[in-house]
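Q: Handing you a structure now.
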Amino acid sequence: MLNLEYPDFLEQIKQKFKYLFDLYGFRVCYSKYAEGENYLIIMESKDCRIKFYSSQGEVNILFGTLSSPLLWDDVINGTRYWYFVRGIIDFLQKKHIDAKELLNKARMSLTQEQQLAELSTELEPICKKVIQLFREDNIKEWIEEYEKFEQEQDEEFQRQFENL
C-alpha cells in the first residue's frame, strides 16, 4: 500500500469516483506530493491509466495508456502521453466550445471536492467509452481525429474570445 501524505485528496477521489474502483478495477499505482498543495495520484486498470492532480486548488484529470509515464508532465520530449478528460469528453460528445461558458466557469471558485464532483458527473456516463479509447491498440485509430478536433476547438475559442 502506498504511504500517502495527503489522504484527503485520495478519499475525495474514492468517494466521487467510486465507479472507477468498483466497475473498472482501478487502483492507485503512484502518488506524489509537492510543496504548495500540489498532489498527484495516478491510477491504473487493465486497460489504461488516469492521472488526478490538484495544483493550487485546481483539479484536473487526464487519461493515458498503460505506457504513459508516472510523472507530472503530460508531454515529454515532444511526445504527448496524457489527455485532459474534458477535451476527451467533448470529443466523444462532439460538443463545440463555448468561450463565454468557459470563462464564467473559470471565475467560479469551486472547492477541490466540488471540482471532483463535477468532473465525476461529466465522466461517469461515458467512462467506458473513454477507457476503451486508451487501450494500447485503440489510440492509433482516433488520435489524428482528436488532434484535429482539439485544434478546431482552440481556433474557435480564440474567435469567440475576440468577439466578447
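The values are calculated or read from the model by the stated rules, or taken from the named source; none is laboratory data. The model shown is predicted, which means the values in this text are computed figures rather than measured ones. Ideal geometry is used to build each Cβ from the backbone, glycine not excepted, and the neighbour counts take in all protein chains shown.
Q: Looking at region 40-58 only, could you name the residues that are at pLDDT 95 or above and either surrounded by fewer than 21 Cβ atoms within 10 Å (Cβ to Cβ) or of a type in the set (Asp, Glu) (or both)?
A: GLU44, SER45, LYS46, ASP47
Q: Inspect region 136-159 for any residue being aliphatic (A, V, I, L, M) and surrounded by 14 or more Cβ atoms within 10 Å (Cβ to Cβ) and give the result as yes or no.
A: Within region 136-159, one or more residues are aliphatic (A, V, I, L, M) and surrounded by 14 or more Cβ atoms within 10 Å (Cβ to Cβ).
Q: For region 59-95, enumerate the residues that are within 16 Å of GLU122 (Cβ to Cβ), surrounded by fewer than 19 Cβ atoms within 10 Å (Cβ to Cβ) and not hydrophobic (A, V, I, L, M, F, W, C).
A: Within region 59-95, ASN60, ARG86, GLY87, ASP90, GLN93, LYS94, LYS95 qualify.
Q: Further question on the same structure: Being within 9 Å of the chain's Cα centre (by Cα) and of a type in the set (A, V, I, L, M) is the filter here; which residues of region 60-74 pass it?
A: ILE61, LEU62
Q: Restricting to helices (runs of 4 or more DSSP H) lying wholly in region 40-133: which have 1 or more residues that are of a type in the set (Lys, Arg) and under 21 Å from TYR24 (Cβ atoms)?
A: 85-93, 127-133
Q: In region 20-39, which residues are of a type outside the set (Ser, Thr, Tyr), at pLDDT below 90 and assigned to a strand (DSSP E or B)?
A: Within region 20-39, the first condition is being of a type outside the set (Ser, Thr, Tyr), and the residues that meet it are 20-23, 25-29, 32, 34-38.
After this cut, where a residue has to be at pLDDT below 90 as well, the list is 32, 34-38.
Selection gives LYS32, ALA34, ASN38.
Q: Name the single residue, out of those in region 1-19 being in contact with a strand residue (DSSP E or B) (Cβ under 7 Å, 6 or more places away or on another chain) and either of a type in the set (Lys, Arg) or in a helix (DSSP H, G or I) (or both), that is modelled with the highest pLDDT.
A: ILE13
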